[in-house]
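Single-structure report; data block below.
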Amino acid sequence: MPDLYPWLEPLRDTVAAALQQGRLPHALLLTGQPGSGKTAFSNYVAQLLLCQQPAAAQSPCGSCPGCIQFAAGGHPDYFYVTHAVDDKTGKVSREIKVDQIRALAGKLVMSSHHGGYQVAILNPAEAMNKNAANSLLKTLEEPSDNTVLVLVSACPARLPATVRSRCQQLKLEIPERQLALEWLQGQGCNEAEAQTCLQLAHGAPLEALRLAQSGTVEARREHFGALVGILERRVSPLTVAQGWSKDEELQAIHWMREWLMDLIRIRMAGRAGQIRSADLQDGLVTLAGRLDQRVVFELLERINRMLRLTAGTLNRQLLTEDILLAWAAQR
């Protein structure tokens, strides 16, 4: 098994000690912001429990039948539940549905194939709809012997209190900045890139690495440049809107929202020290001196309203055009 990320080692020791002492709870709730390593840690817990000869109850051996089956994705006592997929269309649902939880419950009441633990991971647990969460309660209240449920969630507040109260929560903390930077540089990031991406990821190393590997920093600069170009009449807001609206996640609009909030911070604090987008600090300071703060607040409200509306079926391009035309009006 690959080594755990270094910032997860203290939590690994906690779980391993609980297992060795026979006090591991039947339900764990792993929480932490995106990119903190929740999925990796849930996999560690599952393999540790399914390993047939763990080293001092702390590390899966990686070579027993249980570890080999787990690594191959075919362990009969391991169950992974995530967003439902429509059998006909192949479309991924936003939810974990009640039928999935009922099917899981039916499997967990059966005897373990290897005579050890049965492990089920629900990820992301907050994706359970109301009926699914209610269905899970019975399994949480009356767990089968040697069954461990691991709920993984970046938004535990979205889980019903009745579910949260029946789990022992383990929070994955963000590592110290220097440890995260050293790890990122060990993954091939240069120092400046690691600094920028870690800030954008709110300190979460895995999210920072994803940003570095996906070219996000350069994409942000290009999108910011497009906004400046609109103000300087070098770029058409309608042309920019056409490109931005093709992204179903509307990432550019989320970035614009972030930049508007940074402009407000700069205007209110009179400096750029507390902004999130430090990679764009010079450009943001220039804009903060150029734009009226009232206008910035109005644009921010437009974006917040747009992001609420796009949860429905409204035309993304028209909404994006509305935002960028309002931005262009500040020229």
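Values quoted throughout were computed directly from the atomic coordinates according to the rules given, and no laboratory measurement underlies them. In this text, all values refer to a predicted model and were calculated from it rather than measured experimentally. All Cβ positions, even for glycine, are placed from backbone atoms using ideal geometry, and neighbour counts span all protein chains on display.
So the values come out like this:
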quantity	calculated
Tally of Lys pairs whose C-alpha atoms are under 15 Å apart, taken over the chain, 8 or more apart or cross-chain	4
Relative contact order of the stretch 121-162, defined on C-alpha pairs under 8 angstrom at six or more residues apart (%)	68
Listed residues Val85, Val45, Val152, most fluctuating in the chain (Gaussian network, C-alpha, under 10 Å)	Val85
Mean separation of Cα contacts under 8 Å, 6 or more apart, over the residue count of the chain: relative contact order %	16
Chain lengthening between Gln168 and Arg305 when straightened (0.36 nm per residue, less Cα-Cα)	45.6 nm
Extreme residue, positive dipole direction of the stretch 216-328, given options Met256, Ser245, Phe297 (C-beta unit charges)	Phe297
Segment Ala161-Gln21, length gained on full extension (0.36 nm per residue, minus Cα span)	47.6 nm
Kyte-Doolittle mean at least -0.5, axial Cα span of 20 Å or more - DSSP H helices of the chain	216-231, 251-269, 293-309
Rel. contact order, % - alpha carbon contacts under 8 angstrom, at least six apart, the stretch 216-328	34
Nonlocal amide H pairs with Gln169, under 5 Å, H built at 1.01 Å	Leu29
Residue of Ser93, Ser59, Ser144 that the Gaussian network model of the chain assigns the largest fluctuation, springs spanning Cα pairs under 10 Å	Ser93
Amide H contacts of Ile121 (H built 1.01 Å from N, under 5 Å, at least 5 apart or other chain)	Phe79, Tyr80, Val81, Val150
Approximate shape of the stretch 216-328 as ellipsoid semi-axes (Cα gyration tensor, √5λ), whole Å, largest first	22, 15, 13
Nearest-0.05 FRET efficiency for Arg294 and Lys88, computed from C-beta distance (R0 35 Å)	0.10
Sites Val228 and Ala40 - FRET efficiency at Förster radius 51 Å, r taken between beta-carbons, to 0.05	0.85
